[in-house]
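Inspection log for the structure reproduced underneath, given as structure tokens.
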Amino acid sequence: MIQPMDLTGKHIVITGGSSGIGRQCAIQASKLGAKVTLIARREDKLKETIQQMERPEEQAYYVFDLSETDQIESFVKKIITQRGAVDGFCHAAGIATVRMLKVSKPSYVEKMFRIHMYAFVELLRCLSLRNNLNNGASLIGISSAAGEKGNPSQGIYGAAKASMNGLVIPIAQELAPRGIRINTVAYAMVDTEMYQNFLDYSSDPVIMKRQSLGIIDVESASNAVMFLLSDACKYITGAVLPVYAGY
């Protein structure tokens, strides 16, 4: 049987691997044959992810706070030294708190951008150094429909995600000579813990009905990332892949 999304032999690094889309991406990647390195802050949740993956003895996790952006370069060096050069990277770490403009003070804006944008840029920069990335590697940022058409209270979150999308074309052009691709996947509402928290904050019936295909299950969401990580789409770069379910 042909498996176009085969990741056998590839080293995939995933941030936010302790829950949600990041966790499911780790599980799916291991099922497709990858050696996966997980990064998140909660060790207990990372251990849970590892136990749900194929070949847990081959997988690894690192506890790290990505808001400490000045420590990322040495952290990436440690991963490369211990685990080898990277074939795929997915930045799924993020926070989806919602806040109206009138209470979105600079400290809140800084917090949102530090995880979604600043950490993403620094991880990309450090991975691209020296021999950290294998030629033909695929880099992915988890973005959001809010970056294009957010709801009230999603302004800062949406702006942070939109800034991630703005990176992909220039970086794609910069890394293309090495066959390295970069894309983001912009999701509408996915059935994760973050989505449940959003429901607790906003029960607007109009918002809940905007996805004509319904709320996206997390396995289907992760398959979009698997596609971009694999050689099945080796000519897709500099793109924002919309997974909107009719949103």
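The values are calculated or read from the model by the stated rules, or taken from the named source; none is laboratory data. None of these values were measured; they are calculated from a predicted model. Here the Cβ is made from the backbone with ideal geometry for all residues, glycine too, and neighbour counts use every protein chain on show. Calculation scope for accessible area: heavy atoms of the full protein, side chains included, ligands and nucleic acids excluded. Shrake-Rupley method; radii C 1.70, N 1.55, O 1.52, S 1.80 Å.
Among V109, V98, which is under 19 Å from N165 (Cα atoms) and open to solvent by less than 60 Å² (accessible area, probe 1.4 Å)?
On inspection, the qualifying residue turns out to be V109.
Which residue is modelled with the highest pLDDT, if the candidates are limited to region 140-152 and must be polar (S, T, N, Q) and surrounded by 20 or more Cβ atoms within 10 Å (Cβ to Cβ)?
S143
Return the residues of region 104-140 that are touching a residue at least 12 places away in the same chain (Cβ under 8 Å) and of a type in the set (S, T, N, Q); say none if nothing qualifies.
S104, S128, N131, N132, N134, N135, S138
Among the candidates A137, A176, single out the residue that is at pLDDT 95 or above, open to solvent by less than 30 Å² (accessible area, probe 1.4 Å) and among the small types (G, A, S).
A137
Which condition number in (1) at pLDDT 90 or above; (2) assigned to a loop (DSSP other than H, G, I, E, B) is the one that G158 fails?
(2)
For residues that are surrounded by fewer than 24 Cβ atoms within 10 Å (Cβ to Cβ) and touching a residue at least 40 places away in the same chain (Cβ under 8 Å), scanning just region 29-48, find the one that is nearest to the chain's Cα centre (by Cα).
T37
Please go through region 37-71 and give me each residue that is of a type in the set (D, E, K, R) and assigned to a helix (DSSP H, G or I), ordered by number.
Of everything in region 37-71, those that are of a type in the set (D, E, K, R) and assigned to a helix (DSSP H, G or I) turn out to be E43, D44, K45, K47, E48, E57, E58, D70.
Quick one: in region 25-57, which of the residues that are among the polar types (S, T, N, Q) and in contact with a strand residue (DSSP E or B) (Cβ under 9 Å, 6 or more places away or on another chain) is nearest to S230 (Cα to Cα)?
So the residue we want is S30.
Would you mind finding the one in Y187, Y247 that is open to solvent by less than 50 Å² (accessible area, probe 1.4 Å), farther than 28 Å from K10 by Cβ and at pLDDT below 95?
Result: Y247 is the single residue among Y187, Y247 that is open to solvent by less than 50 Å² (accessible area, probe 1.4 Å), farther than 28 Å from K10 by Cβ and at pLDDT below 95.
I'd like to verify a number: residues in region 100-129 that are basic (K, R) and either under 16 Å from G88 (Cα atoms) or in a strand (DSSP E or B) (or both), how many?
Residues meeting the conditions: 1.
Filter region 1-17 down to residues that are open to solvent by 10 Å² or more (accessible area, probe 1.4 Å) and of a type outside the set (V, I, T) and give me whichever is nearest to the chain's Cα centre (by Cα).
The extreme case among them is G16.
If you check V63 against the conditions, is it open to solvent by less than 10 Å² (accessible area, probe 1.4 Å) and more than 17 Å from V218 (Cα to Cα)?
No; evaluated as a whole, the condition is false for this residue.
Inside region 66-84, can you point out the residues that are touching a strand residue (DSSP E or B) at 6+ places or on another chain (Cβ under 6 Å) and surrounded by fewer than 15 Cβ atoms within 10 Å (Cβ to Cβ)?
If the condition is that a residue be touching a strand residue (DSSP E or B) at 6+ places or on another chain (Cβ under 6 Å) and surrounded by fewer than 15 Cβ atoms within 10 Å (Cβ to Cβ), then G84 is the only one that fits.
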